[in-house]
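S.K.: I have a structure I would like to understand better, so I am pasting it below and will then ask my questions one at a time.
The values are calculated or read from the model by the stated rules, or taken from the named source; none is laboratory data. What you are looking at is a predicted structure, and each value in this text was computed from that prediction instead of being measured. Positions of Cβ are generated from backbone atoms using ideal geometry, with glycine treated the same way; all protein chains shown enter the neighbour counts.
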Amino acid sequence: MFRTTSIMNSLTLCAFLLMFVTSSALALPEQKQQQQKRQIQRDPPKVQQRREHIDRSQAIQRARRETQGRVLKVNQNRERFQIKMLQKSGRVRSIHVDKHSGEVTNPKPRTKDNR
């Protein structure tokens with residue numbers, strides 16, 4: 001009798017543990033969804049405006065239109081391309097091309113004071 005009682009108690013305990021684990025597992029996805037909804041309500045997603053960018057080859061074409069010469073080096077950052085060109089006169093010139101607008105700008109020429 002003692003043995004069957006302990007087996008019954010063990011089975012009952014296992015059944016309660018199984019119910020607890022499954023109910024917890026089912027509640028987790030629901031809680032996560034609620035948290036995500038609250039997060040969206042607090043911080044609505046930002047609408048990003050899609051900007052058209054010019055690529056490297058387009059930047060080189062625009063720089064060549066500005067300055068006749070050979071391309072030596074092309075660097076880029078988030079805002080612009082920096083293109084170093086060798087002119088026929090032998091002078092190296094730096095041309096900046098804006099990635100968003102495609103506008104070609106010439107930085108200030110280097111002098112003895114700002115080298």
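For (1) surrounded by 10 or more Cβ atoms within 10 Å (Cβ to Cβ); (2) within 27 Å of the chain's Cα centre (by Cα); (3) modelled with pLDDT under 70; (4) not basic (Lys, Arg), each residue gets a yes or a no:
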| site | (1), (2), (3), (4) |
| --- | --- |
| Ser10 | yes, no, no, yes |
| Leu13 | yes, no, no, yes |
| His53 | yes, yes, no, yes |
| Ala59 | yes, yes, no, yes |
| Arg64 | yes, no, no, no |
| Phe81 | yes, yes, no, yes |
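S.K.: Go through Asp113, Asp98 for me and flag whichever is surrounded by fewer than 10 Cβ atoms within 10 Å (Cβ to Cβ), of a type in the set (Asp, Glu) and either at pLDDT 90 or above or out of contact with any strand residue (DSSP E or B) (no Cβ under 6 Å at 6 or more places or on another chain) (or both).
M.R.: Asp113
S.K.: Continuing with the same structure: Restricting the range 83-95 to residues that are buried (at least 17 other Cβ atoms within 10 Å of the Cβ) and among the β-branched types (Val, Ile, Thr), which is farthest from the chain's Cα centre (by Cα)? Full working, then the answer.
M.R.: Taking the range 83-95 first, the residues buried (at least 17 other Cβ atoms within 10 Å of the Cβ) are 83, 85, 93-95.
Right, trim to among the β-branched types (Val, Ile, Thr) and you get 83, 95.
Numbers: Ile83: 25, Ile95: 27 Å.
My answer is Ile95.
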